[in-house]
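Colleague: Below you will find the structure I want to go over with you.
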Amino acid sequence: MDALLALTVANLKSFVRDRAALFWTIAFPVIFVVLFGTLFGGGTARFRVGWVDQDHTPASAALEQAFARTGVLSLKPMSEAAALAQSRQGQLDAVIVVPAGYGAAVARAHDEGASTTGPTSSSASPLLPSPSLTLYTDPTRTGTAQAIEQLVTDVTTGVDQALSGRPPILSVQVRPLSGKPIVTGPSYYVPSILAMAIMQLGIFAAVPLVQQREKLILKRLGATPLPRWTLVGSNVLLRLVIAAGQTVIILAIGLVGFHVQVTGSWLLIAGIVALGALMFTALGYVIASFVRTEEAANGVTQVAQVLMMFLSGIFFPIELMPEWMKSIARLLPLTYLADGLRQVMVGSSPFVPLGVGMGILGAWLVACLAISARFFRWE
Amino acid sequence: MKVGELTNEVMTDRASAWAVECHDLHKRYGNLDAVAGVSFEVRPGEVFGLLGPNGAGKTTTIEILEGIRAPDAGDVRVLGLDPWRDGRRVKSRIGVQLQTASLYPYLTVGELIDLFGRFFPRRLPTHQVLDMLELGEKVDAQTRTLSGGQQQRLSVALALVNDPELVFLDEPTTGLDPAARRSLWEIVRRLRAEGRSVLLTTHYMEEADALCDRLAIMDHGRILELGTAGELVNRRFHEQAVHFTAIPGMEAAELRSFPGVARVAHEDGEVLLYTSDVPATIGAVLAAADGLGAAPTDLGVRRPTLEDVFLELTGRALRD
């Protein structure tokens with residue numbers, strides 16, 4: 001145990017002092033997050049809202065202007081059916097429906113406000129039901145949903161009072177959007193690039209392994225009483241620690257820099273990160289089992305990581321891929337790590353259910369372990 | 001039989017009194033017999049050398065003894081134990097220096113020695129190891145910044161962290177400049193003075209001559225000769241060579257008739273007289289030169305070396 005910890009600490013020191021390793025595992029993914037977050041995030045946080053006006057009166061137009069003035073909501077007028085369809089595809093964050101009769105209700109309330117004297121008699125025209133504005137939000141994106149809901153309530157209350165000079169006549173009815181949206185922008189890139197970083201961290205384990213074998217370092221360690229499982233164990237521990245570091249850094253940038261709302265359980269996120277780090281480290285051992293030289297190890301890991309990076313839905317959703325590319329994506333483990341992280345972190349619609357994805361990662365892990373156990377050579 | 005005659009009197013001791021016993025060791029790689037029946041023993045407290053060119057099987061032999069490679073056949077005992085089956089116990093008590101570049105380039109000398117110490121059940125304090133190898137000044141230097149000689153001293157230091165009874169040094173001075181080489185020789189002598197046994201490989205004849213109590217000459221996976229350096233030379237060469245610049249008029253037939261001369265050779269304008277009686281031969285050379293009105297220049301005597309032994313045994317030079 002003492003030796004395992006000492007070796008892990010030594011590996012960690014080496015890692016931190018090796019600027020190149022530090023760059024590729026930390027700075028490189030951070031650059032990607034910032035780059036893609038800025039390019040496709042639109043900078044400031046604006047919620048895309050489908051605007052369904054079934055009333056078509058000056059009052060509903062006034063309400064639309066009031067929402068637009070907040071500067072936070074970008075409204076797109078459309079039909080209710082179109083709005084719900086688009087929000088399912090992740091193109092909208094929320095949908096607001098203004099019911100027919102809203103303008104009439106406002107006018108009525110205005111008349112009553114003018115005829116009666118005190119603002120205290122609130123229960124105006126109990127005979128007519130007050131019109132209800134419907135707000136659809138995605139309950140899995142708790143933060144976004146709450147923010148929009150608060151905003152919409154504030155605006156409708158304000159508009160009501162301005163129009164009628166009386167307490168609200170318009171209630172807001174919140175309804176969940178059916179089906180999870182495909183998230184876009186920083187919410188998409190932060191978990192995806194975290195998955196990419198873990199993949200790189202894992203498969204690049206092959207390079208130092210081959211290097212240590214080539215330079216007879218593994219042989220030298222084999223001449224000490226140190227059991228071999230300690231070598232493997234310290235390597236795995238090291239990668240888990242670095243993966244945790246990557247997760248914290250990339251998430252912090254997403255949360256602080258791009259206001260990404262993390263909706264899932266932190267424990268589950270940690271579990272998925274750990275499974276991914278283990279699986280890809282095992283894949284690193286598989287690569288090290290079949291290549292002999294450091295140059296070859298570098299080449300093979302580069303090719304593997306670039307292929308996975310572009311075919312696993314890191315930079316664009318798998319749903320947008322052509323069919324042939326989708327079938328490749330289905331074979332790659334990074335697809336399931338990224339998909340799982342997106343589901344849990346930002347409530348993205350699943351490519352496969354979380355349990356299935358994690359099962360596939362687990363199967364990859366077992367397969368990689370079996371292949372390494374059979375073919376890995378210490379010299 | 002070479003081994004037997006040297007070790008008879010100690011044989012009465014119990015078997016584990018040997019630091020290393022190796023009997024009829026074989027190791028094959030594909031079609032190549034890397035080690036083809038090697039037998040020798042290392043006495044406790046002696047420096048034993050395996051001398052031979054690259055590819056002679058020295059490294060394979062030493063790695064089997066270190067327990068990092070399994071033999072195909074043969075009996076091997078290190079400190080009385082089987083190094084393959086009892087690997088961890090053997091490895092705890094031996095020190096190993098391999099032909100390895102830098103181990104962890106980004107760790108400091110102190111960190112690396114401390115790390116290795118933690119691999120062993122019994123260890124020397126880091127500062128003591130640093131002092132032994134005169135690496136104290138470099139304790140905080142990352143190992144990638146060390147010179148070749150310092151690297152080599154560090155790799156020996158790592159072989160000593162567990163206070164080993166037996167130290168394996170695989171070509172410890174290869175690639176070092178003469179000063180660094182001599183400093184490593186001093187360290188090997190100190191190890192012997194501390195009562196440790198040392199088994200080293202080298203392809204430097206003068207290193208084997210300077211350091212080893214006994215040595216074995218290896219080639220093509222076999223031991224060709226075994227004994228002290230003096231024994232090896234005397235066993236092969238009963239003559240020494242008197243040499244001088246060739247003098248015109250001094251004929252080969254005349255040279256052969258000089259007292260003690262067994263053989264005459266000519267090399268780059270030099271005459272070599274292999275003789276069993278150096279003073280008489282030199283006297284005859286001087287008299288003959290005087291008779292021709294000349295004086296022999298660059299007159300000298302050369303004692304055969306291990307290099308000559310090797311050349312004689314294999315028909316090729318050591319460093320070919």
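Colleague: Provide the solvent-accessible area of A:ILE96, counting protein heavy atoms only and rolling a 1.4 Å probe, rounded to the nearest 10 Å².
Modeller: 0
Colleague: Follow-up. May I ask you to evaluate 6.51 cos²θ - 1.76 cosθ + 1.60, the Karplus curve with θ = phi - 60°, for each residue of the range B:167-178 and list the ³J(HN,Hα) values in order in whole Hz, giving x for glycine and proline?
Modeller: Karplus values, whole Hz, x for Gly and Pro: 10, 9, 10, 9, 6, x, 10, 4, x, 9, 6, x.
Colleague: Could you work out how far apart the two model spin labels at A:PHE316 and B:ASP268 are, taking each label as a point 7 Å from the Cα in the direction of the beta carbon, and quote it in nm?
Modeller: 7.4
Colleague: Something else: Considering the dipole of the protein assembly as shown built from charges on the beta carbon (Lys and Arg +1, Asp and Glu -1) around the Cα centre, which of B:VAL198, A:SER289, B:GLN142 is farthest to its positive end?
Modeller: Going by the Cα projections, it comes out as A:SER289.
Colleague: Can I ask one more? What distance in nm separates the simple spin-label points at B:GLN128 and A:GLU323, each placed 7 Å from Cα in the Cβ direction?
Modeller: Computed distance between label sites B:GLN128 and A:GLU323 equals 7.5 nm.
Colleague: Using a Gaussian network model on chain B with a 10 Å cutoff between Cα atoms, which of B:ALA141, B:ALA253, B:ALA34 fluctuates the most?
Modeller: B:ALA253
Colleague: Please name which of B:LEU133, A:GLN173, A:ALA94 has its Cα lying farthest along the dipole of the protein assembly as shown towards the positive end, using unit charges on Cβ (Lys, Arg +1; Asp, Glu -1) and the Cα centre as origin.
Modeller: Selected residue: A:GLN173.
Colleague: Could you tell me what percent of the DSSP beta bridges with both partners in chain A are antiparallel, to the nearest 5?
Modeller: In chain A, approximately 20 percent of DSSP beta bridges are antiparallel ones.
Colleague: What does the average come to when, for each residue of peptide B:89-99, you count the partner chain Cβ atoms lying within 10 Å of its Cβ?
Modeller: 3
Colleague: Compute the relative contact order of the range B:238-303 as a whole-number percentage, counting only Cα pairs closer than 8 Å that sit 6 or more residues apart in sequence.
Modeller: Across the range B:238-303, relative contact order equals 45 percent.
Colleague: Another question, if that's okay. Using a 10 Å cut-off around each Cβ of peptide B:157-166, what is the average number of partner chain Cβ atoms that fall inside?
Modeller: Rounded to a whole number, the mean comes out at 1.
Colleague: If you don't mind, there's one more thing I want to ask. Provide the net charge surrounding B:VAL233, with neighbours chosen by a C-beta distance below 12 Å and charges set as Lys +1, Arg +1, Asp -1, Glu -1.
Modeller: -3
Colleague: Can you compute the label reach from B:ALA36? Point 7 Å from Cα along the Cβ direction, backbone N cut-off under 15 Å, restricted to the range B:55-72.
Modeller: Residues B:55-58 qualify, since their backbone N sits under 15 Å from the label point.
Colleague: If you don't mind, another one. Ordering A:MET345, B:MET205 from largest to smallest accessible area (1.4 angstrom probe), what's the sequence?
Modeller: In descending accessible area the options line up as B:MET205, A:MET345.
Colleague: Still on this model: Report the full-extension gain for the segment B:THR145 to B:ASP290: residue separation times 0.36 nm, less the Cα-Cα distance, to one decimal in nm.
Modeller: 46.0 nm
Colleague: Another question, if that's okay. Expressed as a rounded percentage, what relative contact order does chain A have, with Cα pairs under 8 Å and six or more residues apart?
Modeller: 20
Colleague: Mind giving me the FRET efficiency for A:LEU22 and B:ARG302? R0 is 56 Å, r the Cβ-Cβ distance, nearest 0.05 is fine.
Modeller: With a Förster radius of 56 Å, E is 0.40.
Colleague: Given H placed 1.01 Å from N in the peptide plane, which residues other than close sequence neighbours of B:VAL167 have an amide H under 5 Å from its amide H?
Modeller: B:GLY95, B:SER197, B:VAL198, B:LEU199
Colleague: Residue-wise, which Karplus ³J(HN,Hα) couplings in Hz belong to the range B:142-156, taking 6.51 cos²θ - 1.76 cosθ + 1.60, θ = phi - 60°, and x for glycine or proline?
Modeller: Those phi angles translate into 5, 5, 5, 8, 6, 6, x, x, 5, 4, 5, 5, 5, 5, 6 Hz.
Colleague: Take the Cβ-Cβ distance between A:LEU5 and B:ARG182 as r, set R0 to 41 Å, and report the resulting FRET efficiency rounded to the nearest 0.05.
Modeller: Rounded to the nearest 0.05, the efficiency is 0.55.
Colleague: What's the buried accessible area, both sides, between B and A using a 1.4 Å probe, rounded to 100 Å²?
Modeller: Interface between B and A: roughly 2400 Å².
Colleague: Please average, across the residues of A:225-234, the number of beta carbons from any other chain that are within 10 Å of each residue's own beta carbon, and give a whole number.
Modeller: Taking the mean over all residues of the peptide, I get 2.
Colleague: Please compute the contact order of the range A:261-379 in relative form: average sequence separation of alpha-carbon pairs under 8 Å and at least six residues apart, divided by the residue count, as a percent.
Modeller: It comes to 42 percent, rounded to a whole number.
Colleague: Of the listed pairs A:LYS215/B:LYS138; A:LYS13/B:LYS91; A:LYS219/B:LYS138; A:LYS13/B:LYS138; A:LYS215/B:LYS58; B:LYS58/B:LYS91, which have alpha-carbon separations greater than 21 Å here?
Modeller: Too far apart for the 21 Å limit: A:LYS215/B:LYS138; A:LYS13/B:LYS91; A:LYS219/B:LYS138.
Colleague: Report the calculated FRET efficiency for A:ALA107 and A:PHE40 (r = Cβ-Cβ distance, R0 = 51 Å), to the nearest 0.05.
Modeller: 0.70
The values are calculated or read from the model by the stated rules, or taken from the named source; none is laboratory data. As the structure is a computational prediction, the values presented were derived from the model and not from experiment. Heads up, the Cβs are rebuilt from the backbone with ideal geometry, glycines too, and the neighbour counts pull from every protein chain shown. When the accessible area is computed, the model is the full protein with side chains, heavy atoms only, and any ligands, DNA or RNA have been set aside. Shrake-Rupley method; radii C 1.70, N 1.55, O 1.52, S 1.80 Å.
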